[in-house]
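Novice: Please see the structure below; I have some questions.
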Amino acid sequence: MHCDLLFDLDQTLLDFHASERLALKAVMEDADLTFTEERYAFFKQANKALWLGFEKGLISKPGLFEERFRRLFEECGCDTSGIDLLRINSDFIDCMSHNGVLMEGVPEFLGKLEAGLPDARIYIVTNGVERNALGRIRSTGLSAHLDGVFVSETMGTAKPAREYFDQVIETLGDPGECCIVIGDSLTSDMLGARNAGLTSCWFMPRGDIPEEVKKYDINYTAASFDELYDVLKEFYDKLYA
Ligand SMILES: [Mg+2]
């Protein structure tokens, strides 16, 4: 039996937005377009709307990949008829996957975890594109600290589905009581933990915290890596008591 720490990736250990911003700037400059904060905000908004459409089955993934750059380039005044938008999307994902950015304080936090919770195993549970997630993990050196990575794209199921966590637990071979899910998202991480009956810790909580804690049956909250360490140490000590 081990203590299994199941960390969400984006805005928990890695800064997705920092990588995305960097990659968007690079592909726009390659296309002789000027990167501005307004254009970045436009892209994010279009992207978000398209992903919602994808979740509802209104657009395919390649369709989404093409359409988000069509909208951005048209916003910049470009005629997109002769542009290979899927190639631009592929350059964008490549660039992101080589440029992972750790959240501030992660190296110190992981060092503390490995010293204070020596028998714990560290896993990533993430929704998204495998190439992008694994590349960013590798490029930051995070891989050296991990015992495994579970990416929804290759599992055929995603957080918050119970099946996603059932697959994770089956692979780990430990009882669910040994696992704690740590993440910033209520609707994927906290709801997923609740669906699978796992202990949860809401990282960087915001909004009406008591209300959300009740709604999602959250066990712990942590507003910094120091607080998160204390939570995990408590969970670990209880498990091995
Ligand atoms: Mg997240």
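Novice: Which GluC sites (Glu not before Pro) in the stretch 91-175 sit in a loop by DSSP (not H, G, I, E or B) and have at most 14 other Cβ atoms within 10 Å of their own Cβ?
Specialist: Numbers: sites: Glu104, Glu108, Glu114, Glu130, Glu153, Glu163, Glu170; in loops: Glu104.
Sparse-neighbourhood loop GluC sites (Glu not before Pro): Glu104.
Novice: Next up: Based on the alpha carbon coordinates of the chain, what radius of gyration and maximum Cα-Cα distance (Dmax) apply, in Å?
Specialist: So, for the chain, Rg and Dmax equal 19.2, 65 Å respectively.
Novice: Would you list, by chain and number, the lysines whose Cα falls below 21 Å from the Cα of Lys214, excluding same-chain residues fewer than 8 positions away?
Specialist: Lys159
Novice: Between helix 37-55 and the chain, what is the angle of the helix's C-alpha long axis to the longest principal axis, kept within 0 to 90° and rounded to the nearest 10?
Specialist: 70 degrees
Novice: Viscosity 1.306 mPa s, temperature 10 °C: what is the translational diffusion coefficient of the stretch 169-217 from Stokes-Einstein with a Kirkwood Rh over Cα pairs, rounded to a whole number of µm²/s?
Specialist: After rounding, the answer is 142 µm²/s.
Novice: What translational D, rounded to a whole number of µm²/s, comes out for the stretch 152-241 from Stokes-Einstein when the hydrodynamic radius is the Kirkwood one over Cα pairs, at 25 °C and 0.890 mPa s?
Specialist: 182 µm²/s
Novice: Still on this structure, please answer the following. Using 0.36 nm times the number of residues separating Ala241 and Glu38, minus their current alpha carbon distance, what extension gain do you get? It would help to have the intermediate numbers written out before the result.
Specialist: Numbers: separation 203, 0.36 × 203 = 73.08 nm, distance 5.33 nm.
Full extension of this stretch gives 67.8 nm more.
Novice: Explain nothing, just compute: Karplus ³J(HN,Hα) = 6.51 cos²θ - 1.76 cosθ + 1.60, θ = phi - 60°, for every residue of the stretch 177-192 in order, whole Hz, x for Gly and Pro.
Specialist: Result, rounded to whole Hz: 4, 7, 9, 10, 9, 10, x, 8, 9, 6, 7, 10, 6, 6, 5, x.
Novice: Can you report the principal axis dimensions of the stretch 16-97 using only the alpha carbons, biggest first, rounded to whole angstrom?
Specialist: 33, 30, 23
Novice: Quick check on the chain: helices-only [θ] at 222 nm, where DSSP H runs of length 4 and up contribute -39,500 (n - 2.57) each and the sum goes over total residues. Nearest 500, please.
Specialist: Theoretical 222 nm ellipticity from helices: -16500 deg cm²/dmol.
Novice: For the stretch 155-184 and the stretch 35-87, what is the centre-to-centre distance using only Cα atoms, to the nearest Å?
Specialist: If you average the Cα positions of each part, the centres end up 32 Å apart.
Novice: Taking a cut-off of 23 Å between Cα atoms, list the lysines near Lys25, but don't count ones fewer than 8 places away on the same chain.
Specialist: Leaving aside lysines fewer than 8 places away in the same chain, those within reach of Lys25 are Lys44, Lys48, Lys61.
Novice: So which trypsin sites (Lys or Arg not before Pro) in the stretch 129-225 are both in a DSSP loop and have at most 13 other Cβ atoms within 10 Å of their Cβ?
Specialist: Within the stretch 129-225, the qualifying trypsin sites (Lys or Arg not before Pro) (loop, at most 13 other Cβ atoms within 10 Å) are Arg206.
Novice: Further question on the same structure: Put +1 on the Cβ of every Lys and Arg and -1 on every Asp and Glu Cβ in the stretch 1-65; which of His17, Ala31, Phe42 then has its Cα farthest towards the positive end of the dipole?
Specialist: Phe42
Novice: Follow-up. Given charges of +1 on the Cβ of Lys and Arg and -1 on the Cβ of Asp and Glu, with all other atoms neutral, how large is the dipole of the stretch 12-141 about its Cα centre, in debye to the nearest 20?
Specialist: Here the stretch 12-141 has a charge dipole of around 400 debye.
Every read-out reported here was derived from the displayed coordinates using simple, explicitly stated rules and does not represent laboratory data. All values reported here derive from a predicted model rather than from experimental measurement. Backbone-built Cβ (ideal geometry, glycine too); neighbour counts: all protein chains shown.
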